[in-house]
Ligand code: GLY
């Protein structure tokens, strides 16, 4: 078991990592099941998969503690992060009589967490929520740190708020039912922490990544806890991404976002897969600038390929050129006028924000990678 505090002044909260936590939900979340406007009811938002998988266990655990669940169930996938679903969810919470002291439970992956977090940011100008992430990606990244959002026609996550959860409960056992491809996609974000800020962790992942992917309990808990500990430190220091510190968590995301946009934000390339390939490109581009060696760039790519994640842009078979990918980047929400901050590597285990990157050089670099 590990308990990691996100030490935000006045809004500190714990991230608890423990096998079997979901089966002990009412005990683990006890302080947040009290003081309800609507007595002894717990609003739980899930997708159809997490509802099917965990409904019985959660309801019987809640019943033993004298509570009952009220369910709001969405379809799996990004479409749930929409104005329409947000409106229905907010109306549902208001109809339940949820107060600012109440806590809504987000039981699912990043989609459910982002949707619930944003609804809770705006309902009555802010009510509480508890994250119970059920994918590796949500466990090591999106459930912690308070970034909440929905998607609109203009793009992904462009409407949102910083709204921190009151508690994050991570049960590694729920990953047993996660499809391997999604497990690998989440693992890309784990590798990200090693590459951006912890060379020793990166080396540990090179040696033990197969155990993490095989869901070996000790390796999995170590990987999740080390990832969360770094994220918690960063969020506590730079909650709103104003100090070039939280931005480091975007390693691989600018390249990755362009690849997701080019592939239509579809199953062709999952977010974690795009981030993985984006990190390969960031490492190679850092080597092109002479900041890391070609050998270190190859080492980063090797760890990503070893996890079964995409590590070659050419292998993706995109029918576009580098300029088209750069064009997608210009719409990135991190764009600053005509420039774009890039997350590059000073060494394996040390990322930094580069603001002197020439986008035409990026396009030329990508042309080379597309043809490699
Ligand atoms: N996923 C990046 C962040 O939370 O800042």
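Where residues in the range 287-298 are free of Cβ contacts under 8 Å to residues at least 60 places away in the same chain and either touching a helix residue (DSSP H, G or I) at 6+ places or on another chain (Cβ under 6 Å) or part of a helix (DSSP H, G or I) (or both), which of them is surrounded by the fewest Cβ atoms within 10 Å (Cβ to Cβ)?
295
Could you list, in sequence order, the residues of the range 258-274 that are within 12 Å of the ligand (Cβ to nearest atom) and within 24 Å of residue 153 (Cβ to Cβ)?
271
Filter the range 119-137 down to the residues that are within 16 Å of the ligand (Cβ to nearest atom) and in a helix (DSSP H, G or I) and list them by number.
Within the range 119-137, 121, 136, 137 qualify.
Can residue 225 be described as away from the ligand (no atom under 16 Å from the Cβ), surrounded by fewer than 22 Cβ atoms within 10 Å (Cβ to Cβ) and touching a residue at least 12 places away in the same chain (Cβ under 8 Å)?
yes
I need a count of the residues in the range 96-111 that are within 16 Å of the ligand (Cβ to nearest atom) and in a helix (DSSP H, G or I).
Looking only at that region, the number is 2.
Could you check, for the range 238-248, whether at least one of its residues is on the phi > 0 side of the Ramachandran plot, buried (at least 23 other Cβ atoms within 10 Å of the Cβ) and within 12 Å of the ligand (Cβ to nearest atom)?
No; the residues of the range 238-248 include none that is on the phi > 0 side of the Ramachandran plot, buried (at least 23 other Cβ atoms within 10 Å of the Cβ) and within 12 Å of the ligand (Cβ to nearest atom).
Residue 233 fails exactly one of the following numbered conditions: (1) within 16 Å of the ligand (Cβ to nearest atom); (2) buried (at least 22 other Cβ atoms within 10 Å of the Cβ); (3) more than 26 Å from residue 362 (Cβ to Cβ). What is the number of that condition?
(2)
Within the bounds of the range 258-274, is there any residue that is within 18 Å of residue 197 (Cβ to Cβ) and in contact (Cβ under 8 Å) with a residue 12 or more places away in the chain?
No - not one qualifying residue is present in the range 258-274.
Looking only at the range 24-47, count how many residues are outside any loop (DSSP other than H, G, I, E, B), in contact (Cβ under 8 Å) with a residue 60 or more places away in the chain and either within 11 Å of residue 168 (Cα to Cα) or touching a helix residue (DSSP H, G or I) at 6+ places or on another chain (Cβ under 9 Å) (or both).
The total comes to 8.
Given (1) at positive phi; (2) part of a helix (DSSP H, G or I), where does residue 50 come up short, assuming only one miss?
(1)
Confirm whether residue 277 is away from the ligand (no atom under 12 Å from the Cβ) and either buried (at least 24 other Cβ atoms within 10 Å of the Cβ) or more than 18 Å from residue 135 (Cα to Cα) (or both).
yes
Does at least one position in the range 232-244 carry a residue that is touching a strand residue (DSSP E or B) at 6+ places or on another chain (Cβ under 7 Å) and modelled with pLDDT under 95?
Taking every residue of the range 232-244 in turn, at least one turns out to be touching a strand residue (DSSP E or B) at 6+ places or on another chain (Cβ under 7 Å) and modelled with pLDDT under 95.
Does the range 249-256 contain at least one residue that is outside any helix (DSSP H, G or I) and within 15 Å of the ligand (Cβ to nearest atom)?
Yes; the residues of the range 249-256 include at least one that is outside any helix (DSSP H, G or I) and within 15 Å of the ligand (Cβ to nearest atom).
The values are calculated or read from the model by the stated rules, or taken from the named source; none is laboratory data. Remember, predicted model here, so these are calculated numbers, not experimental data. Cβ sites come from the backbone with ideal geometry, for glycine too, and all protein chains shown count toward neighbours.
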